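Notes follow once the structure below has been shown.
The values are calculated or read from the model by the stated rules, or taken from the named source; none is laboratory data. Please read all numbers here as calculations on a predicted model, not as lab measurements. No Cβ is skipped: glycine too gets one built from the backbone with ideal geometry, and neighbour counts run over all protein chains shown. The accessibility values were calculated without ligands, DNA or RNA, using every heavy atom of the protein model including side chains. Shrake-Rupley method; radii C 1.70, N 1.55, O 1.52, S 1.80 Å.
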Amino acid sequence: MRRPDSYSLLLLAALTAGCSSNSPTNTQNAASVSSSSNTHDADQTTVAFVTNNPFEFWAIARKGTEKAAEDFKVNVVFRMPAQGSAAEQRQIVEDLLVQGVKGIAISPIDPQNQGEFLDDVASKVPLITQDSDLPPGSKRLCFLGTDNYEAGKAAGRLVKEALPDGGRLAIYVGSMDAQNAIDRRQGVLDELAGQENATGPELGKYTLIDTFTDETSQETCKRKAEDTLVAHAKDSPETLCLVGLWAYNPPAMLAAVQDQGLAGKVKLVGFDENEETLQGIQDGHIVGTVVQQPFEFGYQAVKMLSSLARGDKSVVPENGVVHVDYKVIKPDNVDDFRDELRGLKGTGG
């Protein structure tokens, strides 16, 4: 079905030694976010890594691309669409082709509507997807990233831990166009319902209030979480769980419950390793978060592109999928994970 055989990749901490600390965040202006790149050596092949938004999650992936650039002797152009729009992402890719890059790794923002364009790109240079995939039948050579359906099921298990006797949940995500959002949400629903292809709203002992999108705006996510709390947390807030599927959603949800005096009462489950999310877990306000390994997204994507750009297609597995393991972070392992994360970011203890 949607879970093909995969390669399991372990995070290699040694790869991070000596990485620079130029980490873009969502606070940068559009120009700096969309034009950032590594220093180029004119004698080396150039490949590109394109994200789906400008948030802090991608700072770690960038570290991976920089390390791989050193190890495999390529230049890497790293691009982040400042507004997180498909139109902006398309312009970035068109510019990269004009610049003559020899391979592109991209996290498609709107895979259903970007398919024809990206298939055309794949006819010109090696194209792989990372973090989020294109629909079946696309011409991309490989998907590299988390098994988002299984990671979604892991988030569903966190909901079950938070509400063992059942309850209500609301899901928050930037857009339901992205394949990773589709797969994560379905994983959550299937885990709670105890069956595949669950649709809700009734999921066994659980009831899905709704799935709220925010167009990658943390403020919009917070506002929608606040609306949910006003409508559904007046009575029995302890039976309500908010689930955030993208990195900035959990901090927005946390801010909403804190502002309404419901921290620790309404349960929160997150995705990714935003520092505010990790602090929320440590403080007991967030049950847990499912984290990916963005350093490996960057490192393994550039490693693969460096071979493809030089004509070696043997690096692509037969099923066209390379899965990077996820981790579940809870109070018992959050401190160790934060130390690991600081090492990846090059920020020390």
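Here are some notes:
- Scattering profile of the chain at q = 0.06, 0.07, 0.08, 0.09 Å⁻¹ [log10 I(q)/I(0), Debye over alpha-carbon scatterers]: -0.20, -0.28, -0.36, -0.46
- In the range 218-254, the trypsin sites (Lys or Arg not before Pro) that fall in loop regions by DSSP, at most 13 other Cβ within 10 Å: 234
- For residue 143, the residues whose modelled amide H falls within less than 5 Å of its own, excluding neighbours fewer than 5 places apart on the same chain, are 129, 321, 322.
- Reciprocal of mean inverse Cα separation for the range 134-193 (Kirkwood radius, Å): 12.6 Å
- Here, the range 247-311 has an Rg and a Dmax of 17.1, 58 Å when only alpha carbons are counted.
- For the range 114-253, taking Cα atoms only, Rg and Dmax work out to 16.8, 58 Å respectively.
- In the range 222-349, the C-alpha radius of gyration followed by the widest Cα-Cα span (Dmax) gives 18.6, 62 angstrom.
- Helical content alone sets the calculated 222 nm signal of the chain at -12500 deg cm²/dmol, taking -39,500 (n - 2.57) per DSSP H segment of four or more residues and averaging over every residue.
- Hits among lysines - C-alpha to C-alpha of residue 139 under 20 Å, sequence gap 8 or more where chains match: 102, 124, 303, 313
- Descending semi-axes in Å of the range 175-268, equivalent ellipsoid built from Cα gyration tensor: 22, 18, 10
- The range 282-327 - Kirkwood radius from inverse mean 1/r over Cα pairs (Å): 13.0 Å
- Solvent exposure of the range 192-294, expressed per residue, is 39 Å² of accessible area, with all protein chains present and a 1.4 angstrom probe.
- Within the accessible surface of the range 130-254, defined with a 1.4 Å probe on protein heavy atoms only, the carbon and sulfur portion equals 45 percent.
- Interchain or long-range residues, amide H under 5 Å from residue 288's placed H: 270
- Value of relative contact order over the range 121-275, rounded to a whole percent, pairs C-alpha under 8 Å and six or more apart: 22 percent
- Number of Lys pairs (Cα under 20 Å; 8 or more positions apart or on different chains) in the range 145-270: 15
- Residues 165, 235, 339, ordered by accessible area of protein heavy atoms at a 1.4 angstrom probe radius and largest first, appear as 165, 235, 339.
- Over the chain, Cα pairs under 8 Å with separation of 6+ residues give a relative contact order of 21 percent.
- Summary of the geometry: the range 188-209 and the range 234-260, compared by the centres of their Cα atoms, lie 19 Å apart.
- The largest-to-smallest principal axis extents of the Cα set in the range 198-251 are 31, 28, 14 Å.
- Residues of the range 112-169: accessible area per residue with a 1.4 Å probe, Å²: 37 Å²
- Residue 172 long-range amide H proximity, modeled H, under 5 Å: 212, 243, 244, 245
- Cα coordinate range in the range 77-129, projected on the principal axes (Å, largest first): 25, 22, 16
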